[in-house]
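Reading through the structure tokens given below for one structure.
Derivation of every value follows stated rules applied to the coordinates shown; laboratory data play no part. Source: prediction; values computed, not measured. Here the Cβ is made from the backbone with ideal geometry for all residues, glycine too, and neighbour counts use every protein chain on show.
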There are 2 protein chains.
Amino acid sequence: MRMDASAIDFEAVQQAARTINGIAHRTPVMTCSAIDEVAGRRVFFKCENFQKVGAFKFRGAVNAVNRLSADEAANGVLTHSSGNHAQALALAARRRGIPAFIVMPSTAPSVKRAAVEGYGAEVIVCEPTLVARESTANEVKARTGATFIHPYDNDHVIAGQGTAMLELFEQVAGLGAALDSVVTPVGGGGLLGGTCLATHGVDPSIRVFAGEPVGADDAARSFAAGTLIPQTKPNTIADGLLTSLGQRNWTIIRQHVEDVVTVSDDEIISAMRLLWERAKLLVEPSSAVALAAVLNDRFRQHNDLHSVGVILSGGNVDLNRLPWLSNS
Amino acid sequence: MRMDASAIDFEAVQQAARTINGIAHRTPVMTCSAIDEVAGRRVFFKCENFQKVGAFKFRGAVNAVNRLSADEAANGVLTHSSGNHAQALALAARRRGIPAFIVMPSTAPSVKRAAVEGYGAEVIVCEPTLVARESTANEVKARTGATFIHPYDNDHVIAGQGTAMLELFEQVAGLGAALDSVVTPVGGGGLLGGTCLATHGVDPSIRVFAGEPVGADDAARSFAAGTLIPQTKPNTIADGLLTSLGQRNWTIIRQHVEDVVTVSDDEIISAMRLLWERAKLLVEPSSAVALAAVLNDRFRQHNDLHSVGVILSGGNVDLNRLPWLSNS
């Protein structure tokens, strides 16, 4: 099912919020005075590390799965991913009681495969190339009739991801505060795209920023060039942000985002450690990218921003390999 | 200021709740379906790792500091501790605008000293012996007139710690659920003592358990013997639970606690890792002791318990030395 580009708007995010209500967690919002001090402003963290499957991806997956017609759903859903989207789609499918088929490269860690299988999905292993991945997905589709759910270049996924920011606005208002700016990490752009729609649907004057690793800076380069420039040879510790920006997301982002702040892996690790040590928030490196952007001079120059909403995207980190432990 | 033993009761906990309201965080309650599955029942975690200074100790410290008369307060407060109570008392004193004097052994890590000084307290270093610690504290008291606030053998501290469980009952009720049992770790017994008063003040039929490291099992041995047996030569990874049970707490605990479940360091590390990996809750080893108790066969035998409240006591862990990393 492919939607017209104009069909994805604030209303789609609001509808997604109703769809995922009671299925996805309404994750908590946390603040940390020590981090506020370092940032020089108030920072409200939307803690998607506490979301089901440990990442915001569950929102988009539930929305996409639950929008399928009964006939479509009967054949199940399909994706290629070895990351959080794979687990999210597997769990969303199990909740609806339909099959999920996940194409994974043979190089994916066995623990990731086990996690997806633990949610009841069928894993189909392929060679670790783009060609093999797509041909395998096509074979599975032909065999099963399953609906392909792209990790980020899908309107229902984008709308679902936007619900995190929608909740954050409600929750911050409930604390008697208001955001003047928001920051998310950007990889494929599903979270950022949904955030744009949610934010400017709530209040067009709220300013939207993205944080991106220097080693996977296609969004920043696209933004500077005014045209979509695909990512080649990404290299960053933020392993959730290696993908190229999706076309649908780029269309949204170029209209709504004020700036894309790039940060080094050292800045990412430093922000991650700050979140662990001072806020006790266990997040993965990709999550720390948004805080790293807030702490970067390029964002610091905005003296008129006093209250920033930051989405902590997930907490799926290998506890045997922490980036600040050189011997791990 | 010494209170009569009869003065510490449920009302003292309720009064403490009013005293700390707006000063200490009302920390979130978290659940994790993966852990529920492992435990074979619902587990509600009261997340004191998100408390100010990263531990429940702030509750007792605020209550003790804020109960001082203006005259008493003017001379400040004093304690000997190198742990969470030191930071908690330092911050509680700063909030009231009074001096804090913290006696610390020369062997205390410099990072702990820096943390206490960061909250504006004066650190007085002594030799790492009990005799030196007490004589130094007496010297400081004579010089300053400061009020000594014991880390756990103090009625206001005990009442303050009880507020965590009082909040948990309210929060679980707000979720439409009810606890039939509660578990906390036990070291000096301040948290457990306060929990007893809070729990049986709310509902005398709710069953109270404690988790204790095998390597520091004075509470379990005291419980079995029916008389207080001091801890000697403790040896456990749960470094917040090395102290002997306080007399005041023992008096409360022996009346209210159903059982003290001892757990090995391996069980503690395993429970800690479960909390980090599945619930994304960054807790210190002492915090994991209560969950380790819930997962121990001695607790598992209680098939009639369906809904257990567990206090996660704190999150101050050395991120360079994680217990499951043998090379760290």
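Net length available on complete extension from B:GLU37 to B:GLN255 is 75.3 nm, with 0.36 nm assigned per residue and the Cα-Cα distance removed. Shortest first, A:GLY40 label-point distances to identical copies amount to 5.7 nm, with the label point at 7 Å from Cα along Cα→Cβ.
Can you give the FRET efficiency for A:THR129 and A:ARG273, using 1/(1 + (r/R0)^6), R0 = 45 Å, r = Cβ-Cβ distance, to the nearest 0.05? After rounding to 0.05, the efficiency reads 0.80. Placing unit charges on the Cβ atoms only, positive for Lys and Arg and negative for Asp and Glu, gives region B:195-328 a dipole magnitude near 120 debye about its Cα centre. Given R0 = 60 Å, the distance between the Cβ atoms of B:SER205 and A:SER205 translates into a calculated FRET efficiency of 0.65.
Largest first and in whole Å, the equivalent-ellipsoid semi-axes of region B:58-148 read 20, 15, 10, each the square root of five times a Cα gyration tensor eigenvalue. Our estimate of slack between B:LEU325 and B:GLU11, defined as 0.36 nm per intervening residue step minus the Cα-Cα distance, is 108.5 nm.
The phi torsions of region A:126-135, fed into the Karplus equation with coefficients 6.51, -1.76 and 1.60 and a -60° offset, translate into couplings of 9, 5, x, 10, 4, 4, 5, 4, 6, 5 Hz, rounded to whole numbers, with Gly and Pro shown as x.
By the beta-carbon count within 10 Å of each Cβ, the least crowded to most crowded order of A:LEU242, A:LEU282, fewest first, is A:LEU242, A:LEU282.
When A:LYS233 is represented by a point 7 angstrom out along its Cα-to-C-beta vector, the spacings to that point in the other copies are 6.2 nm, nearest first.
Its convex hull of Cα atoms gives chain B a direction-averaged projected area, equal to a quarter of the hull surface, of 15.6 nm². In the frame of its principal axes, the protein assembly as shown has Cα extents of 78, 56, 44 Å, reported largest first. Here the Karplus curve 6.51 cos²θ - 1.76 cosθ + 1.60, taken at θ = phi - 60°, turns the phi angles of region A:69-78 into couplings of 5, 4, 5, 4, 4, 4, 7, x, 10, 9 Hz, with x standing for Gly and Pro. Once you have a ≥ b ≥ c as the square roots of the Cα gyration tensor eigenvalues for region B:211-328, tell me rounded if a/c is under 1.5, and otherwise prolate or oblate according to whether a/b is larger than b/c. Oblate is the answer for region B:211-328, as a/c is 1.5 or above yet b/c matches or exceeds a/b.
Secondary structure note: in chain A, about 10% of the DSSP beta bridges are antiparallel. Look at the dipole of the protein assembly as shown built from charges on Cβ: of A:SER110, A:ALA271, B:PHE58, the Cα furthest out on the positive end belongs to B:PHE58. Per residue, chain A reaches -13500 deg cm²/dmol at 222 nm when only DSSP H runs of four or more residues are counted, each adding -39500 (n - 2.57).
Shown for B:ILE229, B:ILE311, A:ILE20: other C-beta atoms within 10 Å of each C-beta, ranked fewest to most, produce the order B:ILE229, A:ILE20, B:ILE311. Semi-axes of the equivalent ellipsoid for region B:1-79, computed as √(5λ) from the eigenvalues of its C-alpha gyration tensor and ordered from largest down, come to 33, 15, 10 Å.
Positive end of the dipole of region B:58-148 (Cβ unit charges, origin at the Cα centre): among B:VAL123, B:ALA88, B:VAL77, the Cα lying farthest that way belongs to B:ALA88. The modelled label-to-label distance for the pair B:ASN235/A:ARG96, using points 7 Å beyond Cα in the direction of Cβ, is 5.8 nm. Ordered by the number of other Cβ atoms lying within 10 Å of each residue's own Cβ, fewest first, A:ARG41, B:ARG59, A:ARG96 fall into the sequence A:ARG96, A:ARG41, B:ARG59. Partner lysines whose Cα lies under 24 Å from the Cα of A:LYS141, excluding those fewer than 8 positions away in the same chain, are identified as A:LYS57, A:LYS112.
Distances, shortest first, from the label point of B:GLU139 to those at the same position in the other copies read 7.9 nm; the point lies 7 Å along Cα to C-beta. Relative contact order of region A:58-148, taken over Cα pairs closer than 8 Å and 6 or more residues apart, is 33 percent.
When +1 charges are put on Lys and Arg Cβ atoms and -1 charges on Asp and Glu Cβ atoms, the dipole computed for chain B relative to its Cα centre reaches about 680 debye.
Net charge dipole, region B:58-148: roughly 320 debye, given to the nearest 20, about the Cα centre with Cβ charges of +1 for Lys and Arg and -1 for Asp and Glu. Its relative contact order, with pairs defined as Cα atoms under 8 Å and 6+ residues apart, puts chain B at 21 percent.
Taking the longest Cα principal axis of chain A as reference, the axis of helix A:155-174 is set at about 30 degrees. For region B:154-246, taking Cα atoms only, Rg and Dmax work out to 14.1, 45 Å respectively.
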